[in-house]
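Single-structure report; data block below.
Every number here is computed from the coordinates shown, using simple stated rules; none is lab data. If you're wondering where the values come from, they're calculated on a predicted model, not measured in any experiment. Cβ: placed from backbone, ideal geometry, glycine included. Neighbour counts: every protein chain shown.
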Amino acid sequence: MHGGMSLRGMASPRYKHGRYSKYLPQRMLPRYLESRDDPELLNQRWEIGLLDARIADLLGRVDTGEAGTAWATLDELRRRFEEAQLKGRTRDSANAVQEMMVLVGRGASDFAAWDEVIGLVEKRRRLVESERKRMVEMHQMVAVERALVMVDQLARSVREHVLAHCDGDAARIILSGVQADITRVIGADAS
């Protein structure tokens with residue numbers, strides 16, 4: 001009664017397979033399996049598009065005022081604050097400080113947005129480079145099936161031309177040598 005007859009391993013109804021699936025919360029398992037089986041998993045165009053949208057959104061939020069204008073306004077507010085302090089006008093000095101705080105906050109927000117834009121542009125650059133490499137590799141690699149079809153077509157072409165231009169014994173010797181070379185190249189069994 002202590003689990004001795006319990007189903008274990010693959011026989012258990014709670015068995016999960018895969019490197020991570022046995023540790024994932026149940027709510028995440030369908031998404032994990034979908035991602036694992038996605039033929040476009042290495043395609044990063046969606047991520048690049050998402051970064052482009054975020055960069056455009058951030059740039060739309062950045063204050064369009066020139067930094068020089070902000071500094072000139074801050075300097076004017078500093079002058080008003082000092083003048084109000086000298087004359088003992090606490091309300092005017094408090095107003096100047098409040099306006100400076102708003103302007104500094106806006107500048108800090110703009111700076112943070114630009115910092116995020118720069119970081120996202122770098123992430124985008126890395127994704128684009130990775131996607132470019134993936135695309136290059138896709139075009140340079142030939143599927144095994146396609147390679148075997150190409151080898152078969154080459155062998156047929158050689159056979160056809162050898163038989164058309166050589167007598168029986170010479171053709172057999174040449175074709176036997178070609179077949180041995182092809183077998184050695186593709187690593188197939190010679191028999």
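Rounded to the nearest whole Hz, the Karplus-based 3J(HN,Hα) values (6.51 cos²θ - 1.76 cosθ + 1.60, θ = phi - 60°) of region 129-139 follow the sequence 5, 5, 5, 4, 4, 4, 5, 4, 5, 4, 7, with x at glycine and proline. At an R0 of 25 angstrom, the distance between the Cβ atoms of Asp152 and Arg172 translates into a FRET efficiency of 0.80. Converting phi to 3J(HN,Hα) with the Karplus coefficients 6.51, -1.76 and 1.60 and the offset θ = phi - 60°, region 36-50 yields 4, 9, 6, x, 9, 4, 7, 6, 10, 5, 5, 5, 5, x, 5 Hz in sequence order, with x at every glycine or proline.
Counting neighbouring beta carbons within 10 Å and listing from fewest to most, the residues Trp46, Trp114 come out as Trp46, Trp114.
Jot down the per residue volume, in cubic angstrom and as a whole number, of the convex hull over the alpha-carbon atoms of region 44-140. Write out the running numbers ahead of the final one.
Values: hull volume 7.9 nm³, N = 97.
Measuring per residue, one finds 81 Å³ for the Cα hull of region 44-140.
The modelled label-to-label distance between Leu74 and Glu40, using points 7 Å beyond Cα along the C-beta direction, is 4.6 nm.
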